[in-house]
1. May I ask which of A:21/B:43; A:293/B:21; A:21/A:84; A:293/B:43; A:43/B:84 have a Cα-Cα span longer than 27 Å here?
2. Quick one: grab the alpha carbon gyration tensor of region A:220-275, order the square roots of its eigenvalues as a ≥ b ≥ c, and give me rounded if a/c is under 1.5, else prolate or oblate depending on whether a/b is larger than b/c.
3. Give the accessible surface of the protein assembly as shown per residue, rounded to a whole number of Å², with probe radius 1.4 Å and ligands, DNA and RNA excluded.
4. What FRET efficiency comes out for residue B:117 versus residue A:28 if R0 is 22 angstrom and r is the Cβ-Cβ distance? Round to the nearest 0.05.
5. If amide hydrogens are placed 1.01 Å from N in the peptide plane, which non-local residues have theirs closer than 5 Å to the one on residue B:310?
6. Computed FRET efficiency, Cβ-Cβ of residue B:206 and residue A:46, R0 56 Å: what is it to the nearest 0.05?
7. Where a ≥ b ≥ c are the square roots of the eigenvalues of the C-alpha gyration tensor, would you call region B:177-331 rounded, which needs a/c under 1.5, or, failing that, prolate if a/b is larger than b/c, or oblate?
8. Between residue B:94 and residue B:39, what FRET efficiency comes out of the Förster formula 1/(1 + (r/R0)^6) with R0 = 60 Å and r the beta carbon distance, rounded to 0.05?
There are 2 protein chains.
Amino acid sequence: MNTSISRELPMTADELTELAKLYHIDGWTQEALAQRFDVSRVKIGRLLKRAVSEGIVEICVRLSHPPDRTAALEQALIARFGIKRAIISVDHRDAERQRELLAGLVARYLDQRLGDTSVVAVGMGRNVSAVPRQVVARQHRHCTFVCAIGGSYRGGEAMNADQTCRRFAERFGGESVTLYAPAIVANRDTRDALMANDTVRQSLTRAQQADMALVGVGDILEDSNMVRMGWFTQEEINAVRRLGVVGDIMGYDFIDMDGALADTPLVGRVIGLTIEHLRHIPDVIATASEPTKVGGILGALRTGTIDTLATTESIAETVLGLDQSRRAGGD
Amino acid sequence: MNTSISRELPMTADELTELAKLYHIDGWTQEALAQRFDVSRVKIGRLLKRAVSEGIVEICVRLSHPPDRTAALEQALIARFGIKRAIISVDHRDAERQRELLAGLVARYLDQRLGDTSVVAVGMGRNVSAVPRQVVARQHRHCTFVCAIGGSYRGGEAMNADQTCRRFAERFGGESVTLYAPAIVANRDTRDALMANDTVRQSLTRAQQADMALVGVGDILEDSNMVRMGWFTQEEINAVRRLGVVGDIMGYDFIDMDGALADTPLVGRVIGLTIEHLRHIPDVIATASEPTKVGGILGALRTGTIDTLATTESIAETVLGLDQSRRAGGD
DNA sequence: ATACGCGATGATCAAATGTTCATCGCGTCG
DNA sequence: CGACGCGATGAACATTTGATCATCGCGTAT
């Protein structure tokens, strides 16, 4: 068996970076690079491919509607829900792609807004964690990304705000502040004890004083994150749903379609910002790219805590329609 | 005059978006799109280009490693001054440490470049003499280090090219060639006599034929090397400065901020390579780590003899800014 | 020592994309 | 009405990139 790396492409990460720069940034042709470095063009191609696969270069495509296209939708959302602005992405069939498309727009929005003193509270969820991957910062800053919720070993990386924070800090520059506490604890007493802890307290205080917050909106489905993370059993989810809960903000604040907070087994057991805290943050960005979340989004909008809604075109339309019908039909 | 938009590419912004999505996100080929929309492939290409120019799609490339400031700085320097490359160190408060940091990068660069037949002409100055100390050669070579200027007993070791040459030869392997002549003589006649000397002549000829040259850039301050070496009195320095001289290359070729050679009491009295000689050396590396030298560096760059500039990040930025302002403001 | 596996390598071919140029349609101006 | 300007258009060509495959070098197992 050949266990050792018998032959390696003899290029350091530095050289790969240089190569990638010349190709992608300076627009050299592969042929030119081949002559410059005295290897075959094929090899240059392979090295460039490797630079991508190793994450040395990332190429991201941002697709946004021409302004006027979404302007009407945005205006409607603003008028209807009192939010400050909307970030609306093009629709896409594939859920993963859709998330990336939306995340790209959110990343660009952050790139516009973040300054050297900015503090961003970061929630959890796939839509939130997809954002840092799409960041292409124009310049490095010295901003701060603070976890808005504690950690959890279940549910994968996407569910870990501190991972997302770190990636943000890496991309935009600045530091990340981890909330050194589990996301969820057994009971209220444990929570109170943790909240009294200095380290926890300090992190949370910084999060509360953030200039911006980036949070996800969730739905309540059998396979939702809540179940995957083991916070709810299937039965609990069903029970909660029967109470009229349609979604969550940040992954743990459950709401019904009128934006009212629901009483769930989680209340008082989560270490993180509450909806009340979010109210005091000047720009709360809520992102959701899945059509199943329309109910949750409507509820979230109606809580009045959201300043910027990031979602897809069709979801925005559906939410507006849903709101319309519920106003008309009563319920 | 044709004021109206006579013929418009008959595609709405929406269709453009759709097109861009299919191409960039879903990976369709232009040919396929052409058939799908029943237009020529060329037109698809043009529409896609338009989608970019109208901001519907944004394609950004991120280099993860340091695509950092120094890469951008290097590009700017290359574009502005026509040099071949820049070696840029991070900033450091302490002048001595700064010199070492920069010298380390230069040493590494030499280590990359030097082959068995390489001949390097070596100038004088603290920045040059700091380089051999930083050398950690991957392997020994048989290259040659030739003094680009004669010797002098004043000013200390750093001012002695032959000392620096010997150290280089020690570290990289190979031999050093001393220029057996004083750096400066009383008058032109003496110089001419020395230049006629066989030994001197041979050394200088080898220096002229070098593949690379490593030279320092100096400033014109009261405590500069020139004074310390006794080549200039304080008054002479002041006089020269009043003529617009801002620095020197190699320690004796004085230049103003436009890169023009200045007439000083030294002209015709130095035994060493002139700027003209440098022009014929394929890779002239100029190093300078002191912020007081920005003017001199600008002048040096403008002489057009420099191929590789080694300096610090902040100096590089300042030089670019200085060049900018002088271009804009005239004079 | 020899055969074999494995990945790197570059020649060669195929596909995709970019560029150029002659032409066309349409509106304007004389 | 016709000449002209202007931009759009697509055919033809050039360039660039991607894919395939035979070969090679090197380490390992037989």
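1. Flagged as over cut-off: A:21/B:43; A:21/A:84; A:293/B:43.
2. Note, shape of region A:220-275 comes out oblate.
3. Normalised by residue count, the accessible surface of the protein assembly as shown is 46 Å².
4. 0.20
5. Residues meeting the amide H criterion: B:87, B:286, B:287, B:288.
6. 0.85
7. Here region B:177-331 falls in the oblate category.
8. So the FRET efficiency works out to roughly 0.40.
The values are calculated or read from the model by the stated rules, or taken from the named source; none is laboratory data. Worth saying up front: this structure is predicted, and the values here are computed from it rather than measured. Methodologically, a virtual Cβ is constructed for each residue, glycine included, from the backbone with ideal geometry; neighbour enumeration extends over all protein chains shown. For accessibility, only protein heavy atoms count, side chains too; no ligands or nucleic acids. Shrake-Rupley method; radii C 1.70, N 1.55, O 1.52, S 1.80 Å.
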